[in-house]
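Student: Starting off with a structure, shown below.
The values are calculated or read from the model by the stated rules, or taken from the named source; none is laboratory data. For clarity, every value in this text was computed on a predicted model and none was experimentally measured. Note that each Cβ is placed from the backbone with ideal geometry, even for glycine, and that neighbours are counted across all protein chains shown. Side chains included, ligands, DNA and RNA excluded: accessible areas come from the protein's heavy atoms. Shrake-Rupley method; radii C 1.70, N 1.55, O 1.52, S 1.80 Å.
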Amino acid sequence: MTKKRITVGTAIILCYVAFVIFMLGVKNHQAWINGYDQTIYRWIQPLHPNFDQFFIAFTKIGNPVNMTVLTAIVMLILVIGKHWRLAIFLGLNNGLGSLFNHFVKHWVLRPRPSHKLIPETGYSFPSGHATAAIMFFGSLIVIGFCLVHSKKQRGLIIGIALVLIFLLGLSRLVVHVHYPSDVTAGFLLATANLLVHWLIAKRTYLKQYYSAQPDLNHAN
């Protein structure tokens, strides 16, 4: 096992462990969860009210209908381009991410914060938008690496994806429909799930992309 495989494996374990810690902390109403949430809220307080309207509009990107449409569009483009395996990778990530999120929400049963800036229903933990952001834009990073050879272009893909992930997560806090621990947990769970699926996919149905590009195997 190479050093980088060990690094990825360690990252997966740490993400899952951290997620479970947050989940149990929320489920058992532990004091440190409230302290964590209030600390993050204080950090983002300067964003109010100047950026409220921006984030109210931006957060709609992560709505289930919009993410489904975006996923379908990208999958269609990939299929037309004869990259149906990558389309499956994207579709599975978004579907499995939503499924995991649904089950955890209905086990934890955490109510949403009060004083929401937009109407929102359902339970709060973990954030579905944070999960969807990682699964969708994280998938685009993998797809980009499979299709793009330029290191600069790959770096640009990573940069844009990370900014969008961060802003989507932040938007849920600014519009006050999630607690910071919800968003953090959503990021942790989705990152672990994405990495697990990626490790499986690159050795099975995406293997042809990694065989065709030795630098991908060397880099990963």
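Student: Could you compute how much accessible surface Cys15 exposes when probed at 1.4 Å, giving the result in Å² to the nearest 10?
Tutor: 20 Å²
Student: Which Rg and Dmax, in Å, describe the Cα atoms of the chain?
Tutor: Cα only, the chain: 18.0, 53 Å (Rg, Dmax).
Student: Cα atoms only: what Rg and Dmax, in Å, come out for segment 1-120?
Tutor: In Å, with Rg to one decimal and Dmax whole: 18.8, 52.
Student: Rank Trp198, Trp107, Trp32 by accessible area, highest first, at a 1.4 Å probe radius?
Tutor: On the way: Trp198 25, Trp107 120, Trp32 100 Å².
These residues rank, largest area first, as Trp107, Trp32, Trp198.
Student: Also: Using Cα centres only, tell me the gap between segment 1-26 and segment 71-121 in whole Å.
Tutor: Value for the Cα centre distance between the two parts: 21 Å.
Student: Within the set of other residues whose C-beta is less than 10 Å from the C-beta of His178, count the net charge using Lys and Arg as +1 and Asp and Glu as -1.
Tutor: On the way: positive: Arg110, Arg112, Lys116, Arg172; negative: Asp37, Glu120, Asp182.
Within the 10 Å Cβ shell, the charges total +1.
Student: Counting only protein heavy atoms, what percent of the accessible surface of the chain is carbon or sulfur at a 1.4 Å probe?
Tutor: Working: 8350 of 11720 Å².
That share works out to 71 percent.
Student: So how strong a dipole does the chain carry about its Cα centre when Lys and Arg Cβ are +1 and Asp and Glu Cβ are -1, to the nearest 20 debye?
Tutor: 620 debye
Student: What does the C-alpha gyration tensor say about the overall shape of segment 21-70? Classify as rounded when a/c is under 1.5, otherwise prolate if a/b is larger than b/c, or oblate. It would help to have the intermediate numbers written out before the result.
Tutor: Working: a/c = 4.79, a/b = 1.38, b/c = 3.47.
In terms of gyration-tensor shape, oblate.
Student: Let me ask another. With a 1.4 Å probe and all protein chains left in place, how much accessible area per residue does the chain have, in Å²? Before the final figure, lay out the partial values.
Tutor: Values: 11720 Å² over 220 residues.
Averaged over the residues of the chain, the accessible area is 53 Å².
Student: OK, next. Cα gyration tensor of segment 85-156, axes a ≥ b ≥ c as square roots of the eigenvalues: rounded (a/c below 1.5), prolate (a/b > b/c) or oblate? Before the final figure, lay out each step's value.
Tutor: Working: a/c = 4.04, a/b = 2.11, b/c = 1.91.
Judged from the Cα gyration tensor, segment 85-156 comes out prolate (a/c at least 1.5, a/b above b/c).
Student: Right, another one. Calculate the FRET efficiency for Gln153 and Tyr41 from the Cβ-Cβ distance with a Förster distance of 35 Å, rounded to the nearest 0.05. Display every interim value, and only then the final one.
Tutor: Values: r = 37 Å, r/R0 = 1.06.
The computed FRET efficiency comes out at 0.40.
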